[in-house]
Amino acid sequence: MNVLVISFSSAPRDGRVLRQVDVLRRLGRVALCAMDAEQVPGVDPIPVVFEGRSFWEKVRALPSLMFGDPMNYYDGLKYVANARRLLEGRRFDLIVAND
């Protein structure tokens with residue numbers, strides 16, 4: 001079974017993600033899409049680099065959050081776009097997404 005764990009936190013410092021990886025490894029191969037994913041042993045790392053937004057990028061994104069269009073907001077985040085690019089074409093049997 002191919003499992004994907006997604007987290008936009010620093011994986012080696014996130015106990016919740018580490019516990020998920022430990023449990024899911026029993027099911028099969030685990031890919032970890034997270035910041036610092038390469039530092040977690042026993043996973044197929046898909047490292048995401050966090051890139052902050054400038055002040056003006058945040059101002060432009062504000063209407064999306066204010067008027068209930070969160071998908072537009074998240075699509076504009078550089079690290080989300082990077083993760084989508086890295087995951088394109090890959091197939092998984094189980095996906096665990098952390099907020």
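Derivation of every value follows stated rules applied to the coordinates shown; laboratory data play no part. Just so it is clear, the model here is predicted, and its values are computed rather than measured. When we count neighbours, we look across all protein chains shown, and the Cβ atoms used for this are built from the backbone with ideal geometry, even at glycine.
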Practice item. Pull up region 61-79, narrow it to residues that are part of a helix (DSSP H, G or I) and touching a residue at least 12 places away in the same chain (Cβ under 8 Å), then point me to the one that is nearest to Ala11 (Cα to Cα). Key: Tyr79
Check your understanding: Can you name the number of the only condition in (1) touching a residue at least 24 places away in the same chain (Cβ under 8 Å); (2) surrounded by 13 or more Cβ atoms within 10 Å (Cβ to Cβ); (3) not in a strand (DSSP E or B) that Leu27 fails?
Key -> (2)
Check your understanding: Looking at region 40-73, which of its residues are surrounded by 13 or more Cβ atoms within 10 Å (Cβ to Cβ) and within 15 Å of the chain's Cα centre (by Cα)?
Key -> Val40, Val43, Asp44, Pro45, Ile46, Pro47, Val48, Phe50
Exercise for review: Note down all Cβ pairs under 6 Å where the first residue falls in region 32-43 and is of a type in the set (D, E, K, R), the second is surrounded by 21 or more Cβ atoms within 10 Å (Cβ to Cβ), and they're at least six residues apart or on different chains.
Suggested key: Asp36/Ala11
